[in-house]
Amino acid sequence: MSKLWGGRFTKKTDQLVEEYTASIEFDKELAEEDIQGSLAHVTMLGKQGILSAEDVEQIQDGLHRVLQRIRRGEIEFAIADEDIHMNIEKSLIDDIGPVGGKLHTGRSRNDQVATDMHLYLRKRVVEFVGLLHKLQESLIGQAKENLDTIVPGYTHLQRAQPILFAHHLMAYVSMFGRDIERLQDSYKRINTLPLGAGALAGTTFPIDRHYVAEQLKFDRVYENSLDAVSDRDFIVEFLSHASLIMMHLSRLSEELILWSSTEFRFVELDDAFCTGSSIMPQKKNPDVPELVRGKTGRVYGDLVGLLTVLKSLPLAYNKDMQEDKEGMFDTVKTLQGALQLFAPMIATMKVNKQQMRQAVNQDFSNATDIADFLVGKGLPFRQAHEVIGKTVLYCIENNKYLLDLTLDEFKQFSTLFDDRIYQVLQPEQVVNARNVYGGTATVQVEAAIGRAQEQLEQTAAWVAEYLERSK
């Protein structure tokens with residue numbers, strides 16, 4: 001059979017050209033969305049009197065049969081038919097005869113493929129909000145179990161000040177909360193219907209775009225037909241949000257890798273999320289966070305790749321835009337895998353509270369509180385800073401920590417020291433002294449967990465609402 005568009009051509013397409021330009025090997029991922037859009041389109045054609053009720057029913061029945069055959073793996077997609085749209089249309093015509101060719105009335109593959117991708121990403125955004133919600137649940141669960149766990153806080157990867165381990169985990173809850181907000185906000189731009197824009201200028205048929213939008217549960221339609229078929233901002237936006245999510249996962253991965261090392265021994269990842277060595281039997285490798293850290297680069301690449309494709313394209317559709325899909329599918333798969341693994345990995349992680357406490361006891365991360373103590377006695381902060389710097393140097397030279405010093409040793413650096421300094425230096429006191437909104441004090445972290453749990457409920461309600469809408 002000749003190409004469905006082959007009337008103007010006198011030669012067959014070169015085999016190498018067919019193979020090079022075909023997209024069916026990857027855009028077959030859009031099969032369900034393509035049929036979903038086609039069912040709405042043909043229903044509208046019948047409503048508007050563009051097709052007869054008999055033709056509409058025949059096409060609808062045929063599309064449902066094609067969909068079931070695709071789900072059962074009975075349809076072999078052909079490179080000769082180029083893309084998912086032409087493969088489905090050919091399967092439809094094979095099933096119901098020439099009437100299947102009427103399905104394409106009043107539309108182009110340009111607005112058709114754009115619609116498919118809007119439908120596809122709409123599902124994925126809701127899915128990813130749900131997966132981020134589960135990850136936040138795991139982090140909050142660990143935070144609640146570690147409200148009494150004190151760990152060194154770091155700047156420049158050097159010990160800085162003691163904090164609650166729960167406070168550290170809640171920082172990631174906040175990061176993933178922003179990721180959820182971004183995805184939710186992007187939904188309104190994804191949920192805009194391009195179908196009806198035709199190739200670039202609309203169509204001469206009296207179609208009803210808003211009726212199609214209503215059937216497919218789109219909130220609005222594109223105002224400009226050129227923009228409708230040219231716009232890939234919604235994919236760029238998704239890839240950008242995905243890159244931020246992967247960056248956050250990569251930062252957490254780096255910390256899990258460090259914390260689970262022999263040098264730290266702060267946490268132990270469950271065996272189910274680690275692997276061994278083929279030569280060193282003692283090894284337990286944190287492969288999941290390592291691979292997530294590595295795969296972050298490919299998601300960045302997908303974003304930069306699409307931005308580069310789009311940067312010089314004139315309106316409207318150009319074949320270059322076929323390159324919008326593989327990176328999108330790759331990012332979806334990469335992000336799905338990472339998020340599906342991370343929630344249970346965090347939930348099953350064992351926290352070595354004793355090791356964390358020992359680390360806090362054997363450093364100088366409480367030094368700032370001595371300076372604050374002296375400031376409270378009336379010493380200017382800069383002078384207090386110098387006093388504590390000399391005190392820490394004395395400790396290092398004498399193989400001591402601040403709590404090891406006698407009061408006489410303290411007084412040789414400042415006569416303002418008194419017995420209260422030993423209470424000030426206790427890790428619990430250091431932590432709970434930072435009782436400001438967003439601080440590491442236990443009461444503040446408990447409040448943050450409470451606020452986060454309220455947000456979890458709102459997120460769960462959003463996911464349920466939009467899953468219901470997509471049915």
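Every number in this text was worked out from the coordinates using simple rules, so none of it is lab data. None of these values were measured; they are calculated from a predicted model. Cβ placement follows ideal geometry from the backbone for every residue including glycine, while neighbour counts extend to all protein chains displayed.
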(Q) Let me spell out the model: positive unit charges on the Cβ of Lys and Arg, negative unit charges on the Cβ of Asp and Glu, origin at the Cα centre of the chain. What dipole size does that give, in debye rounded to 20? (A) 440
Q: Within the stretch 227-319, list the trypsin sites (Lys or Arg not before Pro) lying in a DSSP loop whose Cβ has at most 16 other Cβ atoms in a 10 Å radius.
A: 265, 283, 284, 311
**Q.** the chain, relative contact order in percent, only Cα pairs under 8 angstrom and at least six apart counted
**A.** 17
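Which of the GluC sites (Glu not before Pro) found in the stretch 169-227 are loop residues per DSSP with 10 or fewer other Cβ atoms within 10 Å of their Cβ?
Listed in order of number, the matching sites are 223.
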Q: Pick out, from 453, 147, 135, the residue whose Cα sits farthest towards the positive end of the charge dipole of the chain, with +1 on the Cβ of Lys and Arg and -1 on the Cβ of Asp and Glu.
A: 147
Q.
If I fit a long axis through the Cα atoms of helix 324-347 and take the longest principal axis of the Cα atoms of the chain, what angle between them do I get, 0 to 90°, rounded to 10?
A. 40
Q: Treating each Cα of the stretch 6-105 as an identical point scatterer and ignoring solvent, apply the Debye formula and state log10 I(q)/I(0) at q = 0.20 Å⁻¹.
A: -1.00
Q) Counting pairs of alpha carbon atoms under 8 Å apart in space and at least six apart in sequence, what relative contact order in percent does the stretch 367-424 give? A) 36
Q: Before rounding to the nearest 500, sum -39500 (n - 2.57) across all DSSP H runs of length at least 4 in the chain and divide by the residue total; then give [θ] at 222 nm in deg cm²/dmol.
A: -20500 deg cm²/dmol
Q | Relative contact order %, the stretch 6-105, counting alpha carbon pairs below 8 Å whose residues are six or more apart | A | 38
Q: Working from Cα positions, state the angle (0 to 90°, nearest 10) between the long axis of helix 53-71 and the longest principal axis of the chain.
A: 50
Q | the stretch 70-184 - Rg over Rh from alpha carbon coordinates, Kirkwood radius | A | 1.33
Q: Which order do the peptides 112-121, 57-66 take when ranked by the mean count of other beta-carbon atoms within 10 Å per residue, highest first?
A: 112-121, 57-66
